[in-house]
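Read the figures in this text as sums done on the coordinates, not as results from a lab. All values reported here derive from a predicted model rather than from experimental measurement. Cβ sites come from the backbone with ideal geometry, for glycine too, and all protein chains shown count toward neighbours.
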Amino acid sequence: MAQRFLPYGRQSIDESDIAAVVEVLRGDWLTTGPTIDALEAAFCDAVGAEHAVACSNGTTALHLALAAEGVGPGDVCIVPAVTFMATANAALYCGAEVVFADVDPETGLMTPDTLADALGRSGGKARAVLPVHLAGQCEALDRMAMQAEAAGAVIIEDACHAVGSHWRGEPVGNCTHSRAATFSFHPVKTIAAGEGGMVTTRDSELARRMRMLRSHGIERDPSQHMRQAGEPWWHEMQMLGWNYRLSDIQAALALSQLKRLDAFAARRHALAAAYDVALNGNNKGIEGLARTPDCDPCLHLYPVRIDFDGLGKSRAKVMSELAAQGVGSQVHYIPVCDQPVYKARYGEVDMPGARRYYARTLSLPLFVGMADEDPARVVSVLLEVLGG
Ligand SMILES: *Cc1c(COP(=O)(O)O)cnc(C)c1O
């Protein structure tokens with residue numbers, strides 16, 4: 001096709017990003033250096049957080065938060081069925097079990113009702129609740145925080161889609177309604193570092209444990225050592241941790257991208273608004289992004305809902321015909337409970353909201369480098385494909 005191919009997501013790298021990485025390459029520190037501190041400080045500023053701990057990716061961010069919180073065998077983590085599998089996997093890494101919560105069939109988000117149902121199925125063992133801010137949207141964080149607290153659990157927000165989003169005027173990541181929030185800097189996410197992650201929290205002790213755990217559980221502060229040997233080389237491993245460090249090379253890219261966050265958010269807003277307009281009154285019943293009240297999202301995705309069965313055309317066929325016309329698309333997400341590992345562990349789980357959401361969802365291209373006219377073009381190609 002003559003038209004350039006539009007993937008569903010793509011990073012935006014400019015000369016300032018490249019210069020920032022090159023500067024680190026010319027410097028003294030490739031890892032665990034000053035750029036990590038600078039990134040953590042800038043991230044705190046950007047999302048109004050008190051503490052930010054950088055790590056190797058969004059998955060290790062989730063694992064660090066749960067591990068530092070002390071989640072372990074005998075505990076349950078509540079995870080919405082519609083998410084990237086990392087949210088659930090992090091619970092298993094800790095030796096905990098997952099109880100899936102159903103989601104709103106229109107937004108794909110866990111709600112107070114579906115959380116209440118999941119808590120009821122947790123046998124009083126719920127230790128952490130992980131709301132996932134799908135596409136960058138969130139909902140009812142205050143109510144879910146109260147529900148979690150009443151059940152003796154903490155909220156760990158999976159905010160990997162939601163850097164730059166606000167809920168009731170507060171930036172996601174400032175942890176007003178949670179113990180911690182986790183972010184990813186994978187290239188399809190709003191801020192790209194190649195790989196990278198971040199956890200924010202208001203709890204200084206939790207932040208301290210996460211810093212230790214991301215580097216083997218080593219305590220660096222000599223005054224905190226159990227053995228006061230007076231040996232300058234002595235460093236003490238006080239917990240079993242991992243190597244979940246972020247390199248300064250990646251941190252330089254993340255930091256440079258973070259400076260562009262406001263511009264990214266504005267661009268994503270404008271593109272989503274253009275999709276809303278292009279879809280308005282369409283004759284195939286395609287529903288645009290279902291927006292949640294109180295949320296001002298920095299959208300990671302633009303998922304539409306389509307009645308593929310009713311239109312008599314499979315999603316696989318629609319996606320391949322879109323691709324043939326230069327339009328990439330993706331499905332976010334296959335319910336995690338349907339993955340073989342989880343099916344073998346927990347059997348068939350009844351998740352009607354997740355099933356309905358999954359059956360109809362399709363993510364259309366949304367990335368900063370799209371042209372103003374791209375959303376209208378994507379929608380016209382989509383209508384043509386659905387009509388044929
Ligand atoms: C991307 C993502 C993760 C994992 O992040 P990685 O950086 O890829 O490890 C976790 N949860 C959600 C919802 C994500 O989209």
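For region 15-258, the Stokes-Einstein estimate of translational diffusion at 25 °C and a viscosity of 0.890 mPa s comes to 134 µm²/s, using the Kirkwood hydrodynamic radius over alpha-carbon pairs.
Please compare each pair in Lys189/Lys259; Lys313/Lys343; Lys189/Lys284 to a cut-off of 21 Å on the Cα-Cα distance and tell me which ones are over it.
Details: Lys189/Lys259 15 Å; Lys313/Lys343 28 Å; Lys189/Lys284 30 Å.
The answer is Lys313/Lys343; Lys189/Lys284.
Counting only alpha carbon atoms, the long axis of helix 34-47 and the longest principal axis of the chain meet at about 50°.
Farthest toward the positive end of the dipole of region 1-48, out of Leu6, Val21, Ala41, is the Cα of Leu6, where the dipole comes from beta carbon charges about the Cα centre.
Comparing Cα centroids, region 219-252 and region 70-147 end up 32 angstrom apart.
Let me know the charge dipole size of region 1-134 about its Cα centre in debye, to the nearest 20, where only the beta-carbon of Lys, Arg (+1) and Asp, Glu (-1) is charged.
Details: 6 positive and 17 negative charges, 89 e Å.
So the magnitude is around 420 debye.
Hey, got the dipole for region 261-387? About the Cα centre, +1 on K and R Cβ, -1 on D and E Cβ, debye to the nearest 20?
Working: 14 positive and 15 negative charges, 79 e Å.
Roughly 380 debye, rounded to the nearest 20.
Excluding Arg227 itself, what net charge comes from residues whose Cβ is under 13 Å from its Cβ, given Lys and Arg +1 and Asp and Glu -1? Walk me through the numbers on the way to the answer.
Working: positive: none; negative: Glu219, Glu231, Glu236.
Net of charged neighbours comes to -3.
Sorting the segments 138-145, 157-164, 344-351, 5-12 by their residues' average number of neighbouring beta-carbon atoms within 10 angstrom, most packed first, yields 157-164, 138-145, 5-12, 344-351. How far, in degrees from 0 to 90, does helix 261-279 lean away from the longest principal axis of the Cα atoms of the chain, to the nearest 10? The helix 261-279 is inclined about 20 degrees to the chain. Potential lengthening of the chain between Leu25 and His216 amounts to 66.2 nm, from the contour at 0.36 nm per residue minus the alpha-carbon distance. Using Cβ point charges alone (K and R +1, D and E -1), the dipole size of the chain about the Cα centre works out to roughly 720 debye. Expressed as a whole percent, the proportion of Cα-Cα pairs in region 249-299 lying more than 14 Å apart is 65%. Helix 374-387 and the longest principal axis of the C-alpha atoms of the chain enclose an angle of approximately 50°.
Report the FRET efficiency, 1/(1 + (r/R0)^6), for Glu205 and Trp234, where r is their Cβ-Cβ distance and R0 is 30 Å, rounded to 0.05. Efficiency, rounded to the nearest 0.05: 0.85. The length gained by stretching the chain between Ala324 and Glu373 to full extension, at 0.36 nm per residue less their Cα-Cα distance, is 15.7 nm.
Secondary-structure-derived ellipticity at 222 nm for the chain, considering helices only, amounts to -11500 deg cm²/dmol, per-run term -39500 (n - 2.57) for DSSP H runs with n ≥ 4. Percent antiparallel among DSSP beta bridges with both residues in the chain, to the nearest 5? Restricted to the chain, the bridges split so that about 60 percent are antiparallel. Nearest 0.05, what FRET efficiency do Asn280 and Asp14 give at R0 = 35 Å with Cβ-Cβ as r? Efficiency computed from Cβ-Cβ geometry: 0.60. The calculated pair-distance distribution of region 214-276 uses every alpha carbon pair, bins of 5 angstrom beginning at 0, and gives 4, 14, 13, 10, 11, 10, 9, 8, 7, 6, 5, 3, 1, 0 percent. Placing pseudo-labels 7 Å out from each Cα toward the beta carbon at Thr176 and Tyr346 gives an inter-label distance of 3.0 nm.
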